[in-house]
Amino acid sequence: MAIRILQLTLGPLQTNCYVLACTTTLRAAVIDPAWDGQAVLDQVTNNGWTLDKILLTHPHFDHVGGLAELKELSDAPIYGHEEGALMLSQAQAAAALWSVAIDKPPAVDIFVQEGESIKVGDLQLEVLFTPGHSPGHVSFYLPAHHVLFDGDVLFQGSIGRTDLPGADFDILMAS
């Protein structure tokens, strides 16, 4: 199983977006399409990969700012947790409160739960329910490669913010 991970830092808040590719099957997933869906898709196609899935760790506007464009261009199914659905539907309004404009994100196509597996080519991701930073926050773990895509739960030397709507410090610490 050959793997390639691209980290893209996008948007006005410099949010990390990831492209995860199985270089054996040439299948890819985008994790947290933060901004500029066309630029994200270009990273996929310029490497000769096919975008199979869009994975959302959580529905904050800085993590879904490019979701509408990426979905429109690729029609890849969107995966996310059901508890984040309401916040995702309000992401455009939340962005406006920060003087940021994003397109209204489309709804999640496939809801994920703790313990489920998601395949990207030959790669197997495990879904971990990691709430606290936002409702419905999940992380995607690639055990064969010891890689965790955790959205905003963990930072180098710190944890995710808990001063935002829907956040809860105690829940985050329990995650």
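Multiply the residue separation of Gln124 and Leu26 by 0.36 nm, subtract the distance between their alpha-carbon atoms, and state the gained length in nm to one decimal. Write down the numbers at each step before the final one.
On the way: separation 98, 0.36 × 98 = 35.28 nm, distance 1.43 nm.
Taking Gln124 through Leu26 to full extension adds about 33.8 nm, to one decimal.
Remark: spin-label model distance Gln156-Gln113 equals 3.8 nm, labels positioned 7 Å along the Cα→Cβ axis. Amide H contacts of Thr50 (H built 1.01 Å from N, in plane; Pro and chain starts excluded): Arg27, Ala28 sit under 5 Å, all sequence-distant by 5 or more or on other chains. Amide hydrogen proximity for Thr57: with H placed 1.01 Å from N in the peptide plane, the residues at 5 or more positions away or on another chain lying under 5 Å are Asp32.
Report the Cα centroid-to-centroid distance between region 93-152 and region 25-53 in angstrom, as an integer. Using only Cα atoms to place each centre, the spacing works out to 15 Å.
Can you tell me how the chain classifies by the Cα gyration tensor, rounded, prolate or oblate, using a/c under 1.5 as the rounded cut? Note, shape of the chain comes out oblate.
Could you tell me the ratio Rg/Rh of region 32-106? Both radii from Cα atoms, Rh via Kirkwood.
0.98
Using the Karplus relation 6.51 cos²θ - 1.76 cosθ + 1.60 with θ = phi - 60°, the per-residue 3J(HN,Hα) values for region 50-56 come to 10, 7, 9, 8, 10, 10, 10 Hz, with x marking Gly and Pro. Modelled this way, with points 7 Å down the Cα-to-C-beta line, the labels at Lys104 and Leu164 are 2.2 nm from one another.
Take every Cα pair under 8 Å in region 3-174 that's 6+ residues apart, average their separations, divide by the length, and report that relative contact order as a whole percent.
Values: 407 pairs, mean separation 29.5, N = 172.
For region 3-174, the relative contact order is 17 percent.
From least to most packed, judged by other beta carbons within 10 angstrom and beginning with the fewest, Asp62, Asp32, Asp103, Asp109 follow the order Asp109, Asp103, Asp62, Asp32.
The calculated 222 nm mean residue ellipticity attributable to helices in the chain amounts to -5500 deg cm²/dmol, summing -39500 (n - 2.57) over DSSP H runs of n ≥ 4 and dividing by all residues.
Throughout, read-outs are computed from the coordinates displayed, never taken from laboratory work. Given the structure is predicted, the values throughout are model-derived calculations rather than measurements. Because the Cβ atoms are built from the backbone with ideal geometry, glycine has one as well, and the counts that use them run over all protein chains shown.
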